[in-house]
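Visitor: Please find one structure pasted underneath; my questions will follow.
The values are calculated or read from the model by the stated rules, or taken from the named source; none is laboratory data. Values in this document were obtained by computation on a predicted structure and should not be read as measured data. Methodologically, a virtual Cβ is constructed for each residue, glycine included, from the backbone with ideal geometry; neighbour enumeration extends over all protein chains shown. Side chains included, ligands, DNA and RNA excluded: accessible areas come from the protein's heavy atoms. Shrake-Rupley method; radii C 1.70, N 1.55, O 1.52, S 1.80 Å.
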Amino acid sequence: MQLLLFGATGRTGQVLHRMAEAAGWSVYAPSHADCNMEDSRAVAQTVLQSGAHAVVNCAAISGLEACADNPLRAHLVNAVAPATMALACRHTGARFVHLSTDYVLAGHKAGAKTESAKCKPISIYGESKREGELQVAEALPSALILRVSWICGNPAHPSFVESIIHKARAAEPLSAIADKFSMPTDAEDIARVILSLIPTRESGIFHVCSTGEPVSWHTCAQWALQAAAEAGLLTVLPPLTPLRLKDAAFFREPRPQHTAMEPSRLLTLGIRMPSAHQTITRAILKSAVSI
Ligand SMILES: NC(=O)c1ccc[n+]([C@@H]2O[C@H](COP(=O)([O-])OP(=O)(O)OC[C@H]3O[C@@H](n4cnc5c(N)ncnc54)[C@H](OP(=O)(O)O)[C@@H]3O)[C@@H](O)[C@H]2O)c1
């Protein structure tokens, strides 16, 4: 079985590439240079000529500031390209899986959100990703749209969680935002869910993330430091300063405050997800091997 994978050099795509091959898929992973997703003709041709049984889109412009600096590029890559893939899959009959984000959600109210929660993005990134969701669903109702959040667990692409350990080991001062809440997700769990859902008849939006109460970056960082100390990567637990979202002057684009998701539909299907604490601990143990 052939799988066409966009974004295979990214944090999630890299892990999915490895796990899909291990599961017996023959993976064709065009690079950015092979197929620039700003060019919808190239995207359509790549899908139509691939002969793939399944197409997975892990590519995106996921930096909020990068999207704000070039909204047209964000729209082309995050909305037009996935819509083009969906249309091309309608022609070929391939299964299509597209990744989206918790940043499409309205982030005003505390608490974990199910798949039916209201969407109201507040950034150009969030708007472009929501547009991508809507266009994919319209072009190909059988497509799977998987919303993920705070991806970690790929040591080759350190996330905030792994980076805090590198900073702690370099004795740099540590701080983390304590009043913004979401859910960490291990890239391996995303890949596992993708590979499990492809053979099913499921469609539409799924929340793919860890389980439990919403957590802040500060809590994730505390858990990461604790796990690193237990793994022998740190001799002492360094101080960690809590920051407020409104004081984070290094963000040029607004971040939604409460976008933690609940993987309700996955749980209904019997697909288990780890707790947020297990996800952070596992990410640190994986990065310990590569330090
Ligand atoms: N990272 C997170 O915490 C997070 C949170 C929520 C949702 N998400 C969503 O999850 C998905 C995967 O995110 P990720 O963090 O794994 O991705 P990532 O590490 O940022 O990788 C993005 C991928 O997209 C490719 N790409 C970017 N622009 C391209 C273009 N014009 N043409 C072709 N390829 C292009 C990149 O290739 P090059 O590197 O070669 O440019 C790279 O392979 C995305 O849909 C993202 O929106 C991520």
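Visitor: List every residue whose amide H lies under 5 Å from the amide H of Ser100, counting only residues 5 or more places away in sequence or on a different chain, with H placed 1.01 Å from N in the peptide plane.
Guide: When sequence neighbours closer than 5 places are left aside, the close amide H contacts are Leu146, Arg147, Val148.
Visitor: Which of rounded, prolate or oblate describes region 56-160 when judged by the alpha-carbon gyration tensor and an a/c cut-off of 1.5? Numbers along the way, then the final one.
Guide: On the way: a/c = 1.43, a/b = 1.31, b/c = 1.09.
Rounded.
Visitor: Check Thr211: other-chain or 5+ apart residues with amide H under 5 Å from its amide H, H built from backbone geometry?
Guide: For Thr211, whose amide H was placed from the backbone, the distant partners under 5 Å are Ser275, Ala276.
Visitor: Packing-wise, with mean Cβ within 10 Å as the measure, how do 27-33, 277-283 rank, highest first? Please report the intermediate quantities before stating the final value.
Guide: Working: 27-33: 15.1, 277-283: 22.4.
So the peptides 27-33, 277-283, ranked by packing, come out 277-283, 27-33.
Visitor: Which FRET efficiency value, to the nearest 0.05, do you get for Glu172 and Phe250 by plugging their Cβ-Cβ distance into 1/(1 + (r/R0)^6) with R0 = 22 Å?
Guide: Values: r = 15 Å, r/R0 = 0.67.
E between Glu172 and Phe250, to the nearest 0.05, is 0.90.
Visitor: Moving on. Hey, which aspartates and glutamates would be in cross-link range of Lys167, C-alpha to C-alpha under 19 Å, not counting anything within fewer than 8 residues on its own chain?
Guide: Leaving aside aspartates and glutamates fewer than 8 places away in the same chain, those within reach of Lys167 are Glu230.
Visitor: State the percentage of accessible surface on the chain attributable to carbon and sulfur atoms; use a 1.4 Å probe and exclude ligands, DNA and RNA.
Guide: Of the solvent-accessible surface of the chain, carbon and sulfur hold 53 percent.
Visitor: Give, in nm to one decimal, the length gained when the segment between Ala33 and Gln2 is fully stretched (0.36 nm per residue of separation minus the Cα-Cα distance).
Guide: On the way: separation 31, 0.36 × 31 = 11.16 nm, distance 2.10 nm.
This chain segment gains 9.1 nm when fully extended.
Visitor: Here's another thing I want to ask about it. Would you mind classifying region 125-208 by shape? Square roots of the alpha carbon gyration tensor eigenvalues, ordered a ≥ b ≥ c; an a/c under 1.5 is rounded, otherwise it is prolate if a/b is larger than b/c and oblate if not.
Guide: Details: a/c = 3.38, a/b = 2.01, b/c = 1.68.
Because a/c hits 1.5 or more and a/b exceeds b/c, region 125-208 counts as prolate.
Visitor: Taking a ≥ b ≥ c as the square roots of the Cα gyration tensor eigenvalues, with a/c under 1.5 meaning rounded and otherwise prolate when a/b beats b/c, else oblate, which class fits region 203-291?
Guide: Numbers: a/c = 2.52, a/b = 1.21, b/c = 2.08.
Cα axes put region 203-291 in the oblate bin.
Visitor: Full-extension gain between Leu237 and Ser290, please, as 0.36 nm times their residue separation minus the C-alpha to C-alpha distance. Before the final figure, lay out the partial values.
Guide: Details: separation 53, 0.36 × 53 = 19.08 nm, distance 2.06 nm.
Extra length from Leu237 to Ser290 when fully extended: 17.0 nm.
Visitor: Among Ala248, Thr200, Ser275, whose Cα projects farthest towards the positive end of the dipole of region 170-287, with charges put on the beta-carbon of Lys, Arg (+1) and Asp, Glu (-1)?
Guide: Thr200
Visitor: When Rg is the radius of gyration of the Cα atoms in the chain and Rh is its Kirkwood radius, what does Rg/Rh come to? Each step should come with its number before you reach the end.
Guide: On the way: Rg = 18.6 Å, Rh = 19.3 Å.
Using Cα coordinates only, the ratio equals 0.96.
Visitor: May I ask you to order 127-138, 192-203, 235-246 by the average number of other C-beta atoms within 10 Å around their residues, highest value first? Don't jump to the answer; show the numbers that get you there.
Guide: Values: 127-138: 21.4, 192-203: 16.7, 235-246: 12.8.
Those peptides, ordered most packed to least, come out 127-138, 192-203, 235-246.
Visitor: Could you give the accessible area per residue of region 164-264, probe 1.4 Å, as a whole number in Å²?
Guide: So region 164-264 comes to 45 Å² accessible per residue, rounded to a whole number.
Visitor: Follow-up. So if I take the centroid of the Cα atoms in region 1-69 and the same for region 161-181, what is the distance between those two points in Å?
Guide: That distance is 31 Å.
Visitor: What ³J(HN,Hα) values, in whole Hz, does the Karplus curve 6.51 cos²θ - 1.76 cosθ + 1.60 give for region 25-34 when θ = phi - 60°, with x put for Gly and Pro?
Guide: Going residue by residue, I get 6, 8, 9, 9, 10, x, 7, 3, 5, 5 Hz, with x marking Gly and Pro.
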